[in-house]
Every structure is written in C-alpha cells, then in structure tokens.
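Only one structure is covered here, and it is reproduced in the block below.
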Amino acid sequence: MATKDKTTYTCNECGGTTPRWLGKCPHCNAWNSLVESVAEPASGGGKNRLSQAKGLAPSAALTVLSEIQAADVERTPTGLGELDRVLGGGIVEGGVVLIGGDPGIGKSTLLLQAVDALQRTGLSTLYVTGEESGAQVALRSRRLGLEQSQVKVLAEIQLEKILATLDSHKPAIAVIDSIQTVYSDQLSAAPGSVSQVRECAAHLTRAAKASGVAIVLVGHVTKEGALAGPRVLEHMVDTVLYFEGDTHSSYRLIRAIKNRFGAVNEIGVFAMTERGLKGVNNPSAIFLSQHSQPVPGSCVLVTLEGTRPMLVEIQALVDSGGPSPRRLSVGLDRDRLAMLLAVLHRHAGVSCADQDVFVNAVGGVRIGEPAADLAVLLAITSSLRGKALPQGFLAFGEIGLAGEVRPAPRGQERLKEAAKLGFSVAIVPKANMPKKGDTALAKALEGMTLHPVERIEEAMDVVRGL
Ligand code: TYD
Ligand code: MG
C-alpha cells in the first residue's frame, strides 16, 4: 500500500484529473463525472520516465512516411462469420478489442465460442475469467457443446499474474472477462475504480503491442449505455464493439463503433439459441413483426448499417396525453423525434401537441441514421389517424427542418432489398429514384410502385391517396 496517498478526482468522460471535487469537469465540461481516485506515488519507474523525457533514452530514428513498409495487417478469422464481419476480417496480431454490452447479453458466450474456434485451428488461446469460476466457464462450454475444448482457462483477477501468464504461455489470443474485475497491486485505488480499470487496460494494451498477442477486453455497460470506467478506454484500444439487442428477443447485434483495422458501423447479427450464438447470414427480414393484417402505427423502412440493407419496422403509438405530453422512443433518438414532430406540425399541418407519442424500432435494434425520419413520421400519422398503411409498404428518407425530404445514401440497394422481400409500394426521396435508362434496376424493381417525393407535405398527400 502506498503510504502517502493523495486523493484526486478523475473524470469518467475524458479521464482528466483535478485535485478537488467539482460539479463540472474543467477539462471536458461534463457534469457530475468526477469520481474519487488515488494519485499514484511515482514508484520505481518514475525516475526512468523522467530521464526519458529529458531525451536520455534513445529515440526511434525518423523515417519518411513513403519509405515505411506498410504491410497489410494480417487477420485471423475467428470462424464466426458475423464476428469477423464487424472485426473487419478477423483478429489482428497485437490488436486490442473492447467489447461492451449489458449483462447477460452474451459477451462471455460469444467469446468462449470464438476462442474455441481459434483453438481448433491450432492457435494457442487463453480465457481469463474474473467474474466466474473455472467451473462456471466449464459449465457454459458443456452447454455450447464444447466438452473437448482445449482452451486454457485462468481464473484470476490480479493484473501482474495475468501478465505473467501471458508472458509464459504466449497465447495468440487472450480474452479478459472482464476488465472491470482486474486490479493491480501497484495501485492503491479500489478494484473496479476508474484508475484501476484505466491502468490495467493500459498495461494489457502495452503487453499486446509488445508481444503480439491479440487481446479482447470485455467491458460492462452502465445504465446510461456507456462502457463503465473512463471513456479513455475507448481511445486506448484498436477496436470497440458494442452488443445490442433486446434481451427478450433472441437476436443480438454487434456493432463496431471504432475500428482501426476495418470499417465502422458494420454490424454482425446473431441469434441466441439453446446452444450458444449462431450467426444470421441473411438478417434483412428479422426486424419485422409480421402482422397478418396491416395495423395502424406501423411503417417499414430499409436501413443500411455497414454494408447490408435491413428492413426494420417502426411502430408508433399516438394517444391523448396530459398537460405535458410525453415523447418516448426506443431505438431511435428522442431529440430527433421532437424535431420531426415540429417539422410535421409546421410543414404538414399535423399537430401532436396534446398527444403522447411513443416510437419503437422493432426487435431492439438501434437506428442512428436519419434515413429513418420519413418512416417515423408516417408511422406517427398512421397511428394518429388510426389508418394502417397498405400491405407491402415501405418508406425511407431524411427530413430537413425546412420540410424537405432528402435522399438516403445508396437508395437503390435499399429498394432492391425491399423488392427481393416482396414489398410493393414505396415512398422514396425523389433523388433516390432509379435513373431512366437503368434497365437492370428497373427489372429488379419490377412490380414495385414508387412514389417520389421532395417534401413532407407531398408524402402526406401520397399516403392519403393510397
Ligand atoms: P452471457 O454470455 O453469460 O452474457 P454476458 O457475458 O454478456 O453477461 O450470456 C448469458 C445469457 O445467455 C443467459 O441469459 C443464458 C443465455 N444463453 C443461452 O440462451 N444459450 C446458451 O447456449 C448460453 C451459453 C447462454
Ligand atoms: Mg459474462
């Protein structure tokens, strides 16, 4: 234990420190984000660090950018196609992946499946469990049908011992489940505190870079949806993945929100089954609720997250509210909903001022792209009027504050996917209409009636005439 502990306060958002507690972080201006932590006495390495700063340590030679050999990073596929898709092809030597998600969503399950698949290809793997005992991990592996698994398991939470094991066993990939349980003796702060999580993650990242082991850190998500611990964890690692999905439905989505080795916003789709997570190769229709008859308050849209178009049903319920009506959204941005309602009132003359408005994206999917705007408004007006949109109807397009309907990126791919699934009527932004001479596209969209619109009023008129 350090003898002269000096209490400081570390910001949960930016990782900055202050000597006193303040309501607002002086570095990033976030409110209520400072938590107590203990400043570490400059132990051992302190002097070295100082001498390096003075330039006594040899520094790397300067190199001209064009002369650096930029070898394409080699990736080892995990064998789980949907996970590889979000990782950008597979795990990378020395790469550090942070994977976050609600408790019970399937992080441990997925990673156990992934390391087992890698172990089978002949790589050496290590699964460090801090939350569960070895026996519990074994129990899960039986459930997954991995009785013969050769994955090495280490039930340990002390950083130094984990680092020593990494050093002695030299695995190709190590999973740390979870980073919040790991603590270091060198730090006097309590296990699980911000400074412990940050320091331990930094040590593990350094170990990964130095030895080439790929490390996957499992992180918990707070009530607010952010990875617990300082946001600096996200800056430190190469890839940040988030698990999404409704724990009541069997589908799970993994989204890459940062990836130094691949595209972001790519999503992988899994279904939780009795025997673990199974990839869903063709997820385009899983977020539809399959009503036998069209119902009011429902509108389908095609989203394009990453590279795959998916059809998602938006549901809205508009009901008479009290003096201060509520606006609630699940899977969609609430501020954007308020903005859309204002546009609807101002430009299309439809008022929801005395109504509660609830909107929901079916299946626990989260939609971040503005192309959902038009479908959200059509679902709302459909609920308000109690009139269902026709069978096989869909819409997409971004709505601007001036009431204009803007095109969605790669609109033709969206339309093709909808046509493939048998959708027959669509309201689309005018700029997304197929070009005159494009016969291949016209053939793909055969049998589909497209209504091009440029403004929200026009969309309302089209719906009235359907
Ligand atoms: P888990 O991987 O422990 O979640 P996390 O590590 O993110 O907290 O997943 C646990 C849930 O998944 C639990 O509710 C049981 C369920 N599950 C299945 O449905 N099928 C399975 O084969 C397994 C292993 C778990
Ligand atoms: Mg777990």
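Scaled against 2.2 N^0.38 Å for its residue count N, the alpha carbon radius of gyration of segment 125-177 is 1.12. For segment 208-222 and segment 342-371, write down the distance between their C-alpha centroids in whole Å. A separation of 39 Å, based on Cα centres.
Could you bin all the Cα-Cα distances of segment 306-348 into 10 Å bins starting at 0 and give me the percent of pairs in each, rounded to whole numbers? Bin by bin from 0 Å, the calculated values are 20, 46, 26, 7, 1.
Size descriptors for segment 77-281: radius of gyration and Dmax over Cα atoms are 15.5, 47 Å. Our note on the geometry: Cα centres of segment 437-466 and segment 61-85, 43 Å apart. Using the rule -39500 (n - 2.57) for each DSSP H run of four or more residues, divided by the residues of the chain, the 222 nm mean residue ellipticity is -8000 deg cm²/dmol. Of the GluC sites (Glu not before Pro) found in segment 60-110, those in coil by DSSP whose Cβ has at most 12 other Cβ atoms within 10 Å are GLU74. In the chain, how does Rg compare with the Kirkwood Rh, expressed as the Rg/Rh ratio over alpha carbon atoms? Expressed as Rg/Rh, it is 1.03. Across q = 0.14, 0.16, 0.26 Å⁻¹, segment 88-158 modelled as identical point scatterers on its alpha-carbon atoms has Debye log10 I(q)/I(0) values of -0.45, -0.60, -1.46, in the order of the q list.
Explain nothing, just the number: relative contact order of the chain, from Cα pairs under 8 Å at least 6 residues apart, as a whole percent. Value for the chain: 12 percent.
DSSP beta bridges fully contained in the chain are about 55 percent antiparallel. With a cut-off of 12 Å between beta carbons, the residues surrounding SER298 carry a summed charge of 0, where Lys and Arg count +1 and Asp and Glu -1.
Just order 117-125, 348-356 by mean Cβ neighbour count inside 10 Å, highest at the front, would you?
Numbers: 117-125: 17.2, 348-356: 14.4.
For the peptides 117-125, 348-356, the packing ranking is 117-125, 348-356.
Counting DSSP beta bridges with both partners in segment 333-453, what percentage is antiparallel, nearest 5?
Values: 2 of 10 bridges.
Taking every DSSP beta bridge within segment 333-453, about 20 percent pair in antiparallel fashion.
Rounding to the nearest 20 debye, state how big the charge dipole of the chain is about its Cα centre with +1 on each Lys and Arg Cβ and -1 on each Asp and Glu Cβ. Dipole about the Cα centre, nearest 20: 260 debye.
Treating each Cα of segment 236-362 as one equal point scatterer and applying the Debye formula with no solvent, the log10 of I(q)/I(0) at q = 0.10, 0.17, 0.20 Å⁻¹ comes out as -0.43, -1.02, -1.20. Each peptide in 21-33, 302-314, 277-289 gets a packing score, the mean of other Cβ atoms within 10 Å over its residues, and the list from highest to lowest is 302-314, 277-289, 21-33. At 10 °C and 1.306 mPa s, grab the translational diffusion coefficient of segment 285-465 from Stokes-Einstein with a Kirkwood Rh over Cα pairs, rounded to a whole number in µm² per second. Rounded to a whole number, D works out at 98 µm²/s. Within the chain, CYS200, CYS299, CYS352 have no other Cys Cβ under 4.7 Å of their Cβ and so lack a disulfide-compatible partner by this rule.
Scattering from segment 262-329 was approximated by placing one identical point on each alpha carbon and applying the Debye formula without solvent; log10 I(q)/I(0) at 0.12 1/Å stands at -0.51.
Where a number appears in this text, it was derived from the coordinates with a stated rule and is not lab data. Keep in mind it's a predicted model, so treat the numbers as computed, not measured. Cβ sites come from the backbone with ideal geometry, for glycine too, and all protein chains shown count toward neighbours.
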